[in-house]
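Have a look at the structure below before the remarks.
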Amino acid sequence: MKRSRSKPDPWSLWKFFEQFPNEAASVAYMEQKRWPRGVQCPHCQSYNVAATKAAKPMPYRCRACRKHFSVRTGTVLAESPLPIQRWLMAAYLMTAARKGISSVQLGKQLGVTQKTAWFLEHRIREALQDRGGLLGPEVEVDETYMGGKEHNRHASKRGPRTGLRGKQPVMGLRARPHGTVRAFPIPHTSGDILKAAIVEHVRRGSTLYTDAHRGYIGTPGFSHHAVSHTVGEYVRDQAHTNGVESFWALLKRGHYGIFHSISVKHLHRYVNEFAGRHNAGQDTARCLDVVARGMVGRRVTWRLLVA
Ligand SMILES: [Zn+2]
C-alpha cells in the first residue's frame, strides 16, 4: 500500500471548534466524506435524491427506491441519538491521545455517561479498522501477547505457543518505508497461522523481517531475514523488527496505563484503534478522515458488544 506520510498537524481543541462550530458544519463534513460525488442513496446507490422538508423523517428521500436516509444510514452511527458534532469530538479526543483515552475520561469531556462513551469508543475503533490492501515491499512481522493481568506482562513470549495464562497472541506487520502498521489477534502462533496471515496481508516477493520464531521459516514466495534476540545478535542493517516492537510498546502502555484490562473479546478493536492512530500519524485532519470514511458499511450494536 503506497501511503505518503502527511505532515503532522495535531489540532488544538480551539481549532477543532473552528472547523466544527455546530451540528450543521459537522453533518456537512460527514456528507462530504461519505459522498464526495454528491449525495447517494445508501439503499439502492442512486444519485436521484431529494432533500426532505425540514429533514423529516430524515434529511433525504431517494426518488428511485423511495426510501429515506441520512448520512448516518448504513454506518456505525445508524442507531445513535448523539449529535454528529459530538461523534467528531470523540474521534478527535481519541485520536489526539497517543495512548488512547478511557471511557471515564471521554465521558467527562463529552458530557455523556461512561457507558455511552464506552459504546461510542468501540464504534469509532471499528471505523478505524484498516480496509486492507497488501503491504510491502519490506515488512517487519512480529507477534506479542495481550490481555491477562498486569503481573503477567513480563511472561516470556517464547513460552507455550497457546493459552499463555489467558493472553491472546496478536500479530503485527509494519511496512517500510511508510511505516503502515496492521495488527490483529490470531488464534495461536503456529507456523500455519503466521504464514497464512503473511500471504493474506503481504505482497508476494516482499522481504520479511522477523524474529527467530520457527513458524516464519519457509514462507513460500517471500525472502526472509530472521533476527535472533536470544543470542544477543546485533541489528544487521535492515534486518530488525524495531518498528513493530515500538508499536507493541505503545499498545502495551495504552493497555496497562489507560485501559487497565482489555477483554479478549474486544481486543481487536483496541488494536485497530492503535494501528489506525499510528497510521494517521499526528495529523488530526487525516485521523478524522479515516474515521468518517471508516464508519460507512460497518455496524456495531450494543448487543453485539455486551453479548
Ligand atoms: Zn434508493
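Bear in mind these aren't lab numbers, they're just calculated from the coordinates by the rules spelled out. Given the structure is predicted, the values throughout are model-derived calculations rather than measurements. Here the Cβ positions follow ideal geometry from the backbone for every residue, glycine too, while neighbour counts run over all protein chains shown.
Based on the alpha-carbon gyration tensor of the stretch 1-109, what equivalent-ellipsoid semi-axes (square roots of 5 times the eigenvalues) come out, in whole Å, largest first? Provide the component values of the computation, followed by the final result.
Numbers: eigenvalues 177, 61, 35 Å².
Three semi-axes, in Å: 30, 18, 13.
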message = Which entries of LYS115/LYS265; LYS99/LYS252; LYS33/LYS108 have Cα-Cα distances beyond 20 Å here?
response = LYS33/LYS108
request  = List the trypsin sites (Lys or Arg not before Pro) within the stretch 95-133 that fall in a DSSP loop (any state other than H, G, I, E or B) and whose Cβ has at most 10 other Cβ atoms within 10 Å.
outcome  = ARG131
Förster-model FRET efficiency, 41 Å R0, ARG299 and ILE217, C-beta, rounded to 0.05 = 0.55
ask   = If you rank MET89, MET58 by fewest surrounding Cβ atoms within 10 Å, what's the result?
value = MET58, MET89
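Would you mind ranking ILE186, ILE124 by Cβ crowding within 10 Å, fewest neighbours first?
Working: ILE186 16, ILE124 26.
Neighbour counts put them in this order, fewest first: ILE186, ILE124.
Given the DSSP H assignment, sum -39500 (n - 2.57) over each helix run of at least 4 residues in the chain and divide by its residue total; what's the result at 222 nm in deg cm²/dmol, nearest 500? Write out the running numbers ahead of the final one.
Details: 10 runs with 108 residues, N = 307.
Calculated mean residue ellipticity at 222 nm is -10500 deg cm²/dmol.
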note = For THR180, other-chain or 5+-apart residues with amide H closer than 5 Å (H placed, Pro excluded) are ALA175
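Taking R0 as 22 Å, what's the FRET efficiency between HIS266 and LYS108 from their Cβ-Cβ distance, rounded to 0.05? Please list the in-between numbers first.
Numbers: r = 21 Å, r/R0 = 0.96.
Efficiency, rounded to the nearest 0.05: 0.55.
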query = Can you pull the semi-axes for the chain, root of five times each eigenvalue of the Cα gyration tensor, sorted largest first, whole Å?
reply = 38, 22, 18
Sparse-neighbourhood loop sites, GluC sites (Glu not before Pro) in the stretch 58-149 - DSSP loop, at most 15 other Cβ within 10 angstrom = GLU79
task = Run through the DSSP bridge list for the chain and note the antiparallel percent, rounded to the nearest 5.
result = 70 percent
ask   = Among the Cys residues of the chain, which have no other cysteine Cβ under 4.7 angstrom away?
value = CYS287
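Can you tell me how much longer the chain between LYS15 and ALA196 gets when fully stretched, taken as 0.36 nm per residue apart minus their C-alpha distance, in nm with one decimal?
Details: separation 181, 0.36 × 181 = 65.16 nm, distance 4.40 nm.
Fully extending the segment from LYS15 to ALA196 adds 60.8 nm.
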task = For a footprinting-style exposure proxy, rank SER261, SER103, SER190 by other Cβ within 10 Å, fewest first.
result = SER261, SER190, SER103
